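Notes follow once the structure below has been shown.
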Amino acid sequence: MAEDIERWLMFTHWGSYLKGDYIEVGLDVTEILMKHLEACQLEGRKNTVLENIDSFDSIQKEVLNNRDRYRYYEVTFFNPSVTKEIYVNRLVISDAYMLFEEYDGLKVYQTEDKEINAWRTQALLDIFTDVAGHPALEELWMIDDRRAFMGKPAYLYRPEPLYERVEGGLYTLDAKEEVTRLVEEFEAHVPREWVIDYLQDRLGAESVQEMEGGKIRVLFYDRELMKNKVGKTRKFLRTFERHVDEYLLQKGIRLYKGDRS
């Protein structure tokens, strides 16, 4: 870890919608990650540490037998996709969010070799897709500036005042009821096919895929992780929000009823 620059490789503010026990869902995510990465340390509250992890069962047993210590926990992994130096990732689980972090400022995705960049990007996408396939995860983003998305299409509609609360940490859980209502109304009034056609027209057919469980996967980058094809994804999503509003206005429907000022 030559540079101490934290970036999120994957994240979700699942406290705003997750139905179920976030500790157990987090353990499921841990097990999925262990198919791709080598878990080396588990940390909980009050300096609780489990090292020399030999199996997922040891993590599961420790967390479930000591839930009060692991209401917030972290699992550290070695990532074998980088062989010339130690490359560490960390999974963070709390009631409000899940983060999968790294600490070298995405340096490993910016080598001079485009083929290495593309290969490592694909390896991350494989992990991302595997995690996002969990039925309890309705929204998952890849990279903290949103290079890819997998989840229900409704979560691409992100009125800024609401999602400032969702992503603020302190208010994530408070926004749950409003997020759930917005998702339900989006799904009731915006056809899935309309969303997919909209995204494919602007990103290319290869960048938008339908997945199981009513989810879609959307790539905002072009082969290499650092090549964002839409400039700033947040700006793209604001444009998408405006076009959804215009589409629904023709039907006399106002989807988001909050203050946008």
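When ASP126 is tested against the conditions (1) open to solvent by 70 Å² or more (accessible area, probe 1.4 Å); (2) more than 14 Å from VAL29 (Cα to Cα); (3) assigned to a helix (DSSP H, G or I), the lone failure is (2).
Scanning region 202-226 for residues that are basic (Lys, Arg), modelled with pLDDT under 95 and open to solvent by less than 80 Å² (accessible area, probe 1.4 Å) yields nothing.
The rows are residues; the columns are (1) among the hydrophobic types (A, V, I, L, M, F, W, C); (2) without any contact (Cβ under 8 Å) to a residue 24 or more places away in the chain; (3) assigned to a helix (DSSP H, G or I).
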{"residue": "GLY168", "(1), (2), (3)": "no, yes, no"}
{"residue": "TYR171", "(1), (2), (3)": "no, yes, no"}
{"residue": "LEU182", "(1), (2), (3)": "yes, no, yes"}
{"residue": "PHE186", "(1), (2), (3)": "yes, no, yes"}
{"residue": "GLU193", "(1), (2), (3)": "no, yes, yes"}
{"residue": "TYR198", "(1), (2), (3)": "no, no, yes"}
{"residue": "GLU206", "(1), (2), (3)": "no, yes, yes"}
{"residue": "ARG238", "(1), (2), (3)": "no, no, yes"}
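Restricting attention to region 182-201, the residues that are surrounded by 13 or more Cβ atoms within 10 Å (Cβ to Cβ) and within 22 Å of the chain's Cα centre (by Cα) total 10. Within region 84-105, how many residues turn out to be without any contact (Cβ under 8 Å) to a residue 60 or more places away in the chain, within 15 Å of LEU42 (Cα to Cα) and open to solvent by 10 Å² or more (accessible area, probe 1.4 Å)? Result for region 84-105: 1. Give all pairs with beta carbons closer than 9 Å in which a residue from region 147-165 that is open to solvent by 10 Å² or more (accessible area, probe 1.4 Å) meets a residue that is of a type in the set (Asp, Glu) and part of a helix (DSSP H, G or I); count only pairs at least 6 apart in sequence or on separate chains. Within 9 Å, the pairs are LYS152/GLU187; PRO153/GLU187; ARG158/GLU241; GLU160/GLU241; ARG165/ASP174; ARG165/GLU178. Scan LEU42, LEU64 and give me the residue that is at pLDDT 95 or above, part of a strand (DSSP E or B) and at negative phi. On inspection, the qualifying residue turns out to be LEU42. Residues in region 36-50 that are of a type outside the set (Gly, Ala, Ser) and closer than 11 Å to PHE77 by Cα were compared, and the one that is surrounded by the fewest Cβ atoms within 10 Å (Cβ to Cβ) is GLU38.
The values are calculated or read from the model by the stated rules, or taken from the named source; none is laboratory data. Here the structure is a predicted model, which is why all the values come from computation and not from measurement. Positions of Cβ are backbone-derived with ideal geometry, glycine not excepted, and every protein chain shown enters the neighbour counts. When the accessible area is computed, the model is the full protein with side chains, heavy atoms only, and any ligands, DNA or RNA have been set aside. Shrake-Rupley method; radii C 1.70, N 1.55, O 1.52, S 1.80 Å.
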